[in-house]
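Working notes, beginning with the structure itself.
The values are calculated or read from the model by the stated rules, or taken from the named source; none is laboratory data. None of these values were measured; they are calculated from a predicted model. Surface accessibility is based on the protein's heavy atoms, side chains included, excluding ligands, DNA and RNA. Shrake-Rupley method; radii C 1.70, N 1.55, O 1.52, S 1.80 Å.
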Amino acid sequence: MKLHSIAAAGALALSALAPIRSSGQVPTQGQTQLPGGLPAGLTPDQLAQLLQQNPQLGSQIQQRLQQSGLTPDQVRAQLAAAGYPPNLLDAFLGTTQPGQPTPLPTIQTLAAIRALGLGTGGQDSAALQLDTGFVRARAEALHAESLATGNYVFGTEVFRRTTTQFLPTLAGPVPPDYRLGPGDQLVLILTGDVQRAHTLQVTREGFVLIPQVGQVFVSNLTLEQLREVLYSRLRSAYSGVKRGPDATTRFDLSVANVRVNQVYVIGEVKQPGAYQLSALGTALTALYAAGGVTARGNTRDVEIRRQDALAATFDLYDYLLRGVTRGNVRLETGDVVYVPLHDTRVRVTGAVQRPAIYELKEGETLPDLLRSAGGFRANAAVDRLTIHRILPAAQRRPGPLPRAALDVALAVAAPADRHGSAQPGQAATAPAAGADPLGGVVIPSLPLENGDSVVVDSIGPLESLLYVGINGMVNKPGRYPWQERMTLRDLVKLARGPKIGAYLKDAEIARLPADRTQGQLADTLRAPIDSTYLFERDAAGHYIGPVGQAFAGSGAPEVPLQPYDEVLIMKQPDFELQRTVQVRGEVRFPGTYALRSKTDRLTDVLDRAGGLTPQAYANGIRFYRREGNAGRVGLDLTKVLKDRRYRDNMLLADGDSLYIPPYLPTVRVEGAVNSPGSVTYSEGQGLDYYLSAAGGVSFKGDKGRVFVQQPNGNVRAVHKRPLFFGTSKPTPEPGAMVIVPLRDTTNQSNTAAVLAAIGTIVASLVTVAVVVVNHP
């Protein structure tokens, strides 16, 4: 069993105990610091006493196991693989009956829970406290800003989360090259003349004992090699065992459970120590079990030592970047996985796919570093990059700048020959096989030094580059990157061509002035254009776009553009698309009519609609104007039809609509009346007649603010005449609406206060008069 796991579990258990945590104790001088940040100056008896003082830990362990999704057999198998007794957690796998006490955990129990991977919480915080309260584990998740800026060591983050998915299984088929050894469990099944099954345990000496056959040495044999041995050994006891179809007794051999090897993981790993792993475990398995490589570790040259000799080396970059597990050998008992300190490390930031700190092998150069970083992003400035290098101590001068910056020029790769190799004298751009992550950019094979920092710049926004702009009558106005030999025609193409109604004789170009002494902001010039700037053409070059482009041409001269030119494509004078109005209701030919000129009036469109029908009610016209959100406009169509010079014969605008209703012999009464509704129109009757027909004004109604909306949209309100001329009341017409608003109670004056004030004033005046009369 791993001694460091027991010690860590003790500290983890302590992290849940409130008396220790709340006391604010810190390690005294000489004390060791266990994982979790707690002192290890407690004896095992003190630890056991603290566990007994927290009886809820047993039920919390039980709940954690139930929520893990592992079956009891899976729990036992993983415990055995981790070097713990398989039945260590059996007491916590079942359901506790009511009234039955939950078993108390031990330090070994907590260590086993941690080994099962049940001591991790969420994945988003740096140090998470489990809801069970008894295990404190660190899940060192990388922050998003670290990933974005490359402020982390590539290759270490893959081990940062505890998981059991990388532990090899103890049961199931084994690979063909698996070699048997002490601790393996085999199953031998005989069929045919004999029906038997034997479970065979490989002894410490490497033998299995087969009933009626005897001992068979199997150590270091593969299953196929052992089958060849068994053909000869089983034939001595079972005559029917033979090769070929005439065999009357057949046998099958498989591995039921693999052995557990003890290996050692040391060096720059999170949790160095001895680990018991499945015999199928590899170097990667051991690294995952040990929590992965530290930030100081060498990820390019992990050593696997066997019997004090170097058995293999493993490059984690092969696994992380290419999925290749070359060197990830299967471990044997006594093997040592050693992670040394890192060698040359270089940081790469900026416009690369994976900014990070990378480790370089001997002989690897700048292109190798950039390939490890995934190559350039699409917005990378691939004309040059910068290498920041720490100066040697002998070259440093006094001051805060111990670094030097090296500017490295890049270039686009020359065309490769048919074998895919670059021309002689050029730097390599990509490996011979596979896609090129460098995008065909020629990068010099510069050696890099430990501590170097490579910065790949990004292309700036459009505003920071050379650009030209186009506005006016084009389909896609805006700014576009300027290029050498760019012409006005190129820019118009980028803007998706002129709009309908564009002026195709010339365009205005505003250019930065050569002389600014007089405060000039721009020089303007007119550039000739013609219909060849219309791009809706067929294969023969004939224009196939919409009509309205009236200017023909055989090809205007090309106009070169300069950086920051602003182009204006103007509109044809007096050009407009058709204006339409809608005519509905009681006209002979309702529909949508296009205006013939800007001087068309209401009567003009009514004439084109055939005039009004006999059922039309001219005084009920509903006229709406979309322009300026004007809404409904009140018109007196009756007077317009009698006199076309009347003011209501309006000039029509695009989007106008009018509706002529049939005659409606009712008046609608709404608002604060006792019986709102429609009242039959009675010729000659006034406003009071319709209010009375609607039950009269209610006590909440305001008689002084009644208004009438006539059927043509005009609104007339009740208003008082000056002096003693009474009140003016509008007369509703057929189809009108009478509206009685509610009385405004917020602005009513205090009658009592007013009367009291008036009384006071009158009394004062009387007193003054009496005094004057009685004065001698």
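Quick notes on this structure:
- The amide H of Val468, built 1.01 Å from its N in the peptide plane, has Tyr480, Trp482, Tyr564 as neighbours under 5 Å, considering only residues 5 or more places off or on other chains.
- Leu284 accessible area, assembled protein chains, probe 1.4 Å, Å²: 10
- For Lys499, nonlocal amide neighbours, meaning residues 5 or more places apart or on other chains whose placed amide H falls under 5 Å from its own, are Val474, Asn475.
- Spatial extent of the range 305-396: Rg and Dmax, with the Cα atoms as the point set, Å: 17.5, 54
- A simple rule links phi to the HN-Hα coupling: the Karplus curve 6.51 cos²θ - 1.76 cosθ + 1.60 with θ = phi - 60°, which for the range 523-529 gives 9, 10, 9, 9, 10, x, 9 Hz, with x for Gly and Pro.
- Applying the Karplus relation 6.51 cos²θ - 1.76 cosθ + 1.60 with θ = phi - 60° to the range 281-286 yields 3J(HN,Hα) values of x, 10, 4, 5, 4, 5 Hz, where x marks Gly and Pro.
- Here the 3J(HN,Hα) profile of the range 733-740, calculated from phi with Karplus coefficients 6.51, -1.76 and 1.60 at θ = phi - 60°, is 9, x, x, 6, 10, 9, 10, 10 Hz, Gly and Pro shown as x.
- Radius of gyration (Cα atoms) of the range 605-678, expressed as a multiple of 2.2 N^0.38 Å: 1.32.
- Each of Tyr659, Tyr152 has its accessible area taken with a 1.4 Å probe; listed largest first, they run Tyr659, Tyr152.
- Qualifying aspartates and glutamates (Cα of each under 19 Å from Cα of Lys720; at least 8 residues distant if same chain): Asp688, Asp702, Asp744
- Geometric descriptor of the range 352-399, per residue, is 136 Å³ (volume of the convex hull of the Cα atoms).
- A cut-off of 5 Å between modelled amide H atoms, ignoring neighbours fewer than 5 places along the same chain, links Val441 with Ala413.
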